[in-house]
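The values are calculated or read from the model by the stated rules, or taken from the named source; none is laboratory data. Source: prediction; values computed, not measured. FYI the Cβ positions are ideal-geometry reconstructions off the backbone, even for glycines, and counts take in every protein chain you see. Keep in mind that these areas ignore ligands, DNA and RNA; they rest on the heavy atoms of the full protein, side chains included. Shrake-Rupley method; radii C 1.70, N 1.55, O 1.52, S 1.80 Å.
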Amino acid sequence: MTQTSAPARELVPDVTTLTEPGAGRDDPWGGVLGALEMTGVFCSTGRFSEPWGLELPPLPSVLMYHLLLAGRAVVDVEGTAHELAPGDVVLVPHGTGHRITGGADDPAVGLWEVERTVVAERYEQLRIDGGGRPATLVCGAVGFAEPGVGRLLASLPPVLRAPREGLAGAGGVRAVVEAIAQEALHPRPGTDVVTARLADVVLVHAIRGWLEADEPASGWLGALRDSALGPVLRAVHAAPGEPWTLGSLAAEARLSRSAFAERFARTVGEPPMAYVAGHRMDVAARLLRESDASVATVARRVGYDSGPGFHRAFVRRHGTTPGAWRTATGPQSLEDVLGA
């Protein structure tokens with residue numbers, strides 16, 4: 001439904017910033033946010049009047065969001081209601097099916113049942129006229145080009161709410177929200193592209209605000225802040241092709257092999273060498289998509305001398321061969337994601 005948005009890479013540092021001097025100590029989230037290269041699945045602006053409601057279907061591996069520009073709204077995710085005021089944005093990072101309504105008791109209809117105007121391939125304007133209090137929203141869903149971003153999404157809570165006050169101090173994001181409102185209220189040629197790109201900015205700042213406020217102590221994000229595990233993750237990300245062993249990783253952590261292996265598995269949720277193997281395949285997937293390097297060259301860059309060994313590892317991680325991955329395109333519309 002909306003035109004695919006531009007990558008968010010230009011907005012935040014690349015993942016390689018994790019290895020710059022001081023980056024791990026001063027900004028452990030730089031590389032995390034740098035991985036948020038977003039691709040639009042759909043985006044819509046909605047003009048509703050109460051009673052109104054939308055039922056959003058589950059979209060696995062997709063982050064959904066709602067930005068309220070005017071009026072009021074309630075987002076219900078798995079039975080927990082979140083009331084929104086103008087300027088609030090709520091993220092549903094795991095693509096969980098949910099409802100958004102004008103009031104807690106308002107009925108909701110399926111997404112495909114709503115009156116709509118198609119503005120571009122993946123950008124639409126939705127309308128529900130209940131005759132009561134009006135509301136204006138921007139709703140959408142984004143996928144991520146970086147395969148490894150799944151670790152970040154899995155670490156986020158089921159609902160991530162960034163109130164207007166939280167956005168106001170984050171580099172002028174309030175101005176971005178106001179710009180989105182203008183595009184929604186006064187659409188012009190290119191509104192689909194502008195809205196999607198501005199929404200990307202808001203999403204990055206919302207996730208950054210949560211990272212800074214909650215400082216996760218467990219999972220992959222918690223490991224980045226861990227005094228022993230953080231250097232290991234940065235070293236692996238900086239040089240995925242190095243011949244890493246449990247011993248060399250433990251040396252980076254300055255722990256014994258047994259203490260390191262236990263601490264890594266407990267915090268990250270998988271053994272160290274399994275993490276290394278998975279990260280190598282995520283890097284390989286990105287290189288195959290973004291470069292013209294041969295499969296053999298990509299295999300060597302991520303530490304594989306054996307072509308068959310690389311092939312088997314890639315299929316285990318991504319469910320398809322390196323060659324098929326390179327030629328395949330991602331989801332191009334909401335219909336593709338739903339298999340409709």
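Looking across Phe314, Phe264, one residue alone is open to solvent by less than 40 Å² (accessible area, probe 1.4 Å), free of Cβ contacts under 8 Å to residues at least 40 places away in the same chain and aromatic (Phe, Trp, Tyr). It is Phe314.
All conditions but one from (1) within 25 Å of Glu262 (Cα to Cα); (2) in a helix (DSSP H, G or I) apply to Val204; the one that does not is (1). In region 78-95, the qualifying residues are those that are in a loop (DSSP other than H, G, I, E, B) and open to solvent by less than 30 Å² (accessible area, probe 1.4 Å), and the one that is modelled with the lowest pLDDT is Gly87.
A quick yes/no check of all residues on (1) modelled with pLDDT under 95; (2) over 20 Å from the mean Cα position of the chain (by Cα); (3) among the β-branched types (Val, Ile, Thr):
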| residue | (1), (2), (3) |
| --- | --- |
| Ala238 | yes, yes, no |
| Leu246 | no, yes, no |
| Ser256 | no, yes, no |
| Arg266 | yes, yes, no |
| Glu290 | yes, no, no |
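Closer than 30 Å to Ala120 by Cβ and touching a Cys at 6+ places or on another chain (Cβ under 7 Å) - does that describe any residue in region 207-215? No, the conditions are met nowhere in region 207-215.
Note on region 276-333: enclosed helices (runs of 4 or more DSSP H) holding 1 or more residues that are within 25 Å of Leu249 (Cα to Cα) are 295-301, 307-318. Filter region 76-90 down to the residues that are in contact with a Ser or Thr (Cβ under 8 Å, 6 or more places away or on another chain) and either under 18 Å from Leu185 (Cβ atoms) or of a type in the set (A, V, I, L, M, F, W, C) (or both) and list them by number. Across region 76-90, the qualifying residue is only Val77. Residues in region 32-61 that are at pLDDT 85 or above, outside any strand (DSSP E or B) and open to solvent by less than 10 Å² (accessible area, probe 1.4 Å): Trp52, Leu59. Looking across region 148-181, the residues that are farther than 15 Å from His94 by Cα, in a helix (DSSP H, G or I) and either at pLDDT 80 or above or open to solvent by less than 40 Å² (accessible area, probe 1.4 Å) (or both) come down to Leu167, Ala168, Val173, Val176, Val177, Ala179, Ile180, Ala181. Screening region 113-135 for residues that are touching a helix residue (DSSP H, G or I) at 6+ places or on another chain (Cβ under 6 Å) and open to solvent by less than 30 Å² (accessible area, probe 1.4 Å) and picking the one that is nearest to Asp88 (Cα to Cα) gives Tyr123. Of the residues Ala328, Ala340, Ala296, the single one that is at pLDDT 90 or above, open to solvent by 40 Å² or more (accessible area, probe 1.4 Å) and either in contact with a Gly (Cβ under 7 Å, 6 or more places away or on another chain) or more than 20 Å from Trp220 (Cβ to Cβ) (or both) is Ala296.
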